[in-house]
Amino acid sequence: MKAPTPVGLCRPEIRTEALQAVAKVFARDCGQQEQSLARASRLLDLLDAGGFRSPEVKDWLARTGIGAAWNTALDEGRPRSVAPYLTPLLTGRTVDVLSGSGTLTAALARTSPVDAYERAGAYPDAPAVPTRPLDHLWPTGPGVYDTALFATVLHHEPDPAALVEAVLTSLRPTRLVIVENCLSETVSNEFHDFMDDFFNLCLNDFDVDCPGEHRTVEGWLDFLGRYGRTRLVHRLDDVTGIPFPYEVFTVDIRPDAAA
């Protein structure tokens, strides 16, 4: 597992990038319109002093109500932000690969047939939908799923190609739908790593590896293009609970991609 961002690194390399982005989430999603900038600054001060596992940070998130509000934004608001853009892209039956908490799966399943698969023990709480162990996915074989969804999954994988190719070889879907948060001139790899560590080690306590495989839009187009016709379909600038954009890609699989 990637070592967490060390204490002190959020100033100055990350602080400038994080301050406005976190303040935007506080104002938009956490009921902190009047105090968003001051409280974002305070959070970064606490993280800078104590690190992601600091009891002082966790206590502050609880006392201010920001921790609960942010998790509500992630669990309830984020799926509502993203699902309407994904639903039209899902052809036939969909497998949500590494579905996490299952909240996005639940939102999608209201209008599309979607099944959730996750690694056993990855999340401490019960998922929002019935979830099958990832190892049970491979024997399902071709013809069961037409679309494979990877929603902010591939950047967590130490070998994303291995996961994609396992899905293609076993299931032979005709389409992939990928949601990522991409590097850009205004969103650095360091900021992505910082927020991954904050979400998984501070706001919550998830046993999820974050190896830092973030890429630019061009990098994802190049990576995914080996499997078929790849398009950037959406750039979502205001995803509830998330301090940077989401990009949505589709890949229409070449017939020989799973060979």
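The values are calculated or read from the model by the stated rules, or taken from the named source; none is laboratory data. What you see is a predicted model, and the numbers here were worked out from it, not measured in a lab. Glycine also receives a Cβ, built like all others from the backbone with ideal geometry; neighbour counts cover every protein chain displayed.
A few points about this structure:
- Within segment 126-176, the set of residues being among the acidic types (Asp, Glu) and within 21 Å of Ala107 (Cβ to Cβ) comprises Asp146 only.
- Segment 135-151, residues that are surrounded by fewer than 18 Cβ atoms within 10 Å (Cβ to Cβ) and outside any loop (DSSP other than H, G, I, E, B): Asp135, His136, Trp138, Pro139, Thr140
- For segment 77-97, a residue qualifies if it is assigned to a helix (DSSP H, G or I) and surrounded by 15 or more Cβ atoms within 10 Å (Cβ to Cβ), and the qualifying residues are Gly77, Arg78, Pro79, Ser81, Val82, Ala83, Tyr85, Leu86, Thr87, Leu89.
- Pairs, first assigned by TED's automatic domain parsing to the domain that holds Ser99 in segment 131-150, second among the hydrophobic types (A, V, I, L, M, F, W, C) and part of a helix (DSSP H, G or I), C-beta under 7 Å, six or more apart: Trp138/Ala166; Thr140/Leu171; Pro142/Leu171; Val144/Leu171; Tyr145/Leu171; Ala148/Val167; Ala148/Leu171
- Of all the listed residues (Phe249, Phe198, Phe223), the sole one being outside any helix (DSSP H, G or I) and under 22 Å from Ser99 (Cβ atoms) is Phe249.
- Residues that are assigned to a loop (DSSP other than H, G, I, E, B) and within 16 Å of the chain's Cα centre (by Cα) were ranked within segment 113-127; the one that is surrounded by the fewest Cβ atoms within 10 Å (Cβ to Cβ) is Arg119.
- For segment 29-65, the candidate set comprises residues that are of a type in the set (A, V, I, L, M, F, W, C) and in a loop (DSSP other than H, G, I, E, B); within that set, the residue that is farthest from Phe206 (Cα to Cα) is Cys30.
- Cβ-Cβ under 8 Å pairs, at least 6 apart or on other chains, segment 25-42 side assigned by TED's automatic domain parsing to the domain that holds Pro245 and surrounded by fewer than 17 Cβ atoms within 10 Å (Cβ to Cβ), far side of a type in the set (Ser, Thr, Tyr) and outside any helix (DSSP H, G or I): none
- Residues within segment 152-187 that are touching a residue at least 60 places away in the same chain (Cβ under 8 Å), within 30 Å of Thr16 (Cα to Cα) and assigned to a strand (DSSP E or B), tallied: 3
Residues are listed down the side, and each one gets a yes or a no for (1) over 17 Å from Asp196 (Cα atoms); (2) more than 19 Å from the chain's Cα centre (by Cα); (3) among the hydrophobic types (A, V, I, L, M, F, W, C):
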site: Val25; (1), (2), (3): no, no, yes
site: Gln32; (1), (2), (3): yes, yes, no
site: Ser41; (1), (2), (3): yes, yes, no
site: Glu56; (1), (2), (3): yes, yes, no
site: Arg63; (1), (2), (3): yes, yes, no
site: Gly77; (1), (2), (3): yes, no, no
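- Of the residues Val208, Val239, the single one that is in contact with a helix residue (DSSP H, G or I) (Cβ under 6 Å, 6 or more places away or on another chain) and modelled with pLDDT under 90 is Val208.
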